[in-house]
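Working notes for the structure below.
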Amino acid sequence: MGCGTLAEVAKCDSLRRMDVLRIEELMVDCVVGVYPHERNASQPLCVDVEMRLCTEASAVKESLRATVDYAAVASQLVFLLRSCRFRLLETAAHVLARYILAPPAPDERRAQVDSVVVRLSKPGALRGFAIPSLEIERRAEWCSFEVEHKPFG
């Protein structure tokens, strides 16, 4: 399916609303918090991600290049969370959403994610009384990216 004719576009649009690729309960130790004890040590963060995209091309072709490689995404999210220091769950969630919604690089073979739900939970933050969490949902149109053209390499 090429998503070229009006009928194909309509079918793809309906599929985009239906197809959800999830990564659930990804546990990552990272620095997130505003209090001094949270700024000095990493703590567990539970990450759940729902990526909405049209998966028909990957199903027909059985091609990983036409979908999203969830192992690669999980690895990239772990890298981001371990490398950065966040004061708020809100900041971390927006960074992850923006990363997932970014268009594929010219040499990157993957599908564009149309929308994403990022859910972050801090299981140890309230010392067992409750688990605070944040969930955001964003569409690709929410992000704007500037393409940088370089005269070299």
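Table: residues versus (1) in contact with a Lys or Arg (Cβ under 7 Å, 6 or more places away or on another chain); (2) within 28 Å of residue 34 (Cβ to Cβ); (3) at pLDDT below 90.
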{"site": "51", "(1), (2), (3)": "no, no, no"}
{"site": "58", "(1), (2), (3)": "no, no, no"}
{"site": "65", "(1), (2), (3)": "yes, no, yes"}
{"site": "68", "(1), (2), (3)": "yes, no, no"}
{"site": "105", "(1), (2), (3)": "no, no, yes"}
{"site": "128", "(1), (2), (3)": "no, yes, yes"}
{"site": "151", "(1), (2), (3)": "no, no, yes"}
> Considering the range 88-115 alone, what residues qualify as being aliphatic (A, V, I, L, M), in contact with a Leu (Cβ under 6 Å, 6 or more places away or on another chain) and farther than 23 Å from residue 43 by Cα?
Replying inline: 111, 113
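To keep it simple, each residue is scored yes or no on (1) out of contact with any Asp or Glu (no Cβ under 9 Å at 6 or more places or on another chain); (2) over 17 Å from residue 21 (Cα atoms).
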site	(1), (2)
72	yes, no
90	yes, yes
97	no, no
110	no, no
128	yes, yes
134	no, yes
> Any idea how many residues of the range 31-76 are within 20 Å of residue 132 (Cα to Cα) and in a helix (DSSP H, G or I)?
Replying inline: 4
> Looking at this structure, is residue 75 out of contact with any strand residue (DSSP E or B) (no Cβ under 8 Å at 6 or more places or on another chain), of a type outside the set (A, V, I, L, M, F, W, C), surrounded by fewer than 16 Cβ atoms within 10 Å (Cβ to Cβ) and within 16 Å of residue 25 (Cβ to Cβ)?
Replying inline: yes
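For residue 149, are the conditions met, namely being part of a loop (DSSP other than H, G, I, E, B), over 14 Å from residue 22 (Cα atoms) and either touching a residue at least 60 places away in the same chain (Cβ under 8 Å) or not polar (S, T, N, Q) (or both)?
Numbers: part of a loop (DSSP other than H, G, I, E, B): yes; over 14 Å from residue 22 (Cα atoms): yes; either touching a residue at least 60 places away in the same chain (Cβ under 8 Å) or not polar (S, T, N, Q) (or both): yes.
Yes; evaluated as a whole, the condition is true for this residue.
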>> Is it the case, given these coordinates, that residue 115 is among the polar types (S, T, N, Q), at pLDDT 95 or above and within 27 Å of residue 147 (Cα to Cα)?
In response: yes
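Among what's in the range 134-153 and is aliphatic (A, V, I, L, M) and surrounded by 13 or more Cβ atoms within 10 Å (Cβ to Cβ), pick the residue that is farthest from the chain's Cα centre (by Cα).
Step one: list which residues in the range 134-153 are aliphatic (A, V, I, L, M), which gives 134, 136, 140, 147.
Keeping just the survivors that are surrounded by 13 or more Cβ atoms within 10 Å (Cβ to Cβ) gives 134, 136, 140.
Working: 134: 14, 136: 11, 140: 11 Å.
Across the range 134-153, the extreme among qualifying residues is 134.
Looking only at the range 81-118, filter to residues that are in a helix (DSSP H, G or I) and not aliphatic (A, V, I, L, M); which one of those is surrounded by the fewest Cβ atoms within 10 Å (Cβ to Cβ)? Please lay out each step first, then the result.
To start, the set of residues in the range 81-118 that are in a helix (DSSP H, G or I) comprises 81-83, 89-101.
Among the residues that remain, those that are also not aliphatic (A, V, I, L, M) are: 82-83, 90-91, 94, 98-99.
Values: 82: 14, 83: 9, 90: 12, 91: 13, 94: 18, 98: 16, 99: 16.
For the range 81-118, the residue satisfying everything is 83.
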> Are any residues in the range 38-52 under 15 Å from residue 118 (Cβ atoms) and not acidic (Asp, Glu), and if so, which ones?
Replying inline: 45, 46, 47, 49, 51, 52
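Got at least one residue in the range 67-80 being more than 14 Å from the chain's Cα centre (by Cα) and at negative phi? Reasoning before the result, please.
First, pick out the residues of the range 67-80 that are more than 14 Å from the chain's Cα centre (by Cα): none.
No, the range 67-80 contains no residue that is more than 14 Å from the chain's Cα centre (by Cα) and at negative phi.
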> When both residues are 6+ apart or on different chains and their Cβ atoms are under 7 Å apart, which pairs have a first residue that lies in the range 52-64 and is in contact (Cβ under 8 Å) with a residue 60 or more places away in the chain, and a second that is part of a loop (DSSP other than H, G, I, E, B) and of a type in the set (D, E, K, R)?
Replying inline: 52/19; 52/114; 53/19; 53/114; 54/19
> Residue check, residue 69 against (1) within 19 Å of residue 43 (Cα to Cα); (2) surrounded by 15 or more Cβ atoms within 10 Å (Cβ to Cβ); (3) not hydroxyl-bearing (Ser, Thr, Tyr), all met but one. Which one?
Replying inline: (1)
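The values are calculated or read from the model by the stated rules, or taken from the named source; none is laboratory data. Here the structure is a predicted model, which means the values were calculated and not measured. When we count neighbours, we look across all protein chains shown, and the Cβ atoms used for this are built from the backbone with ideal geometry, even at glycine.
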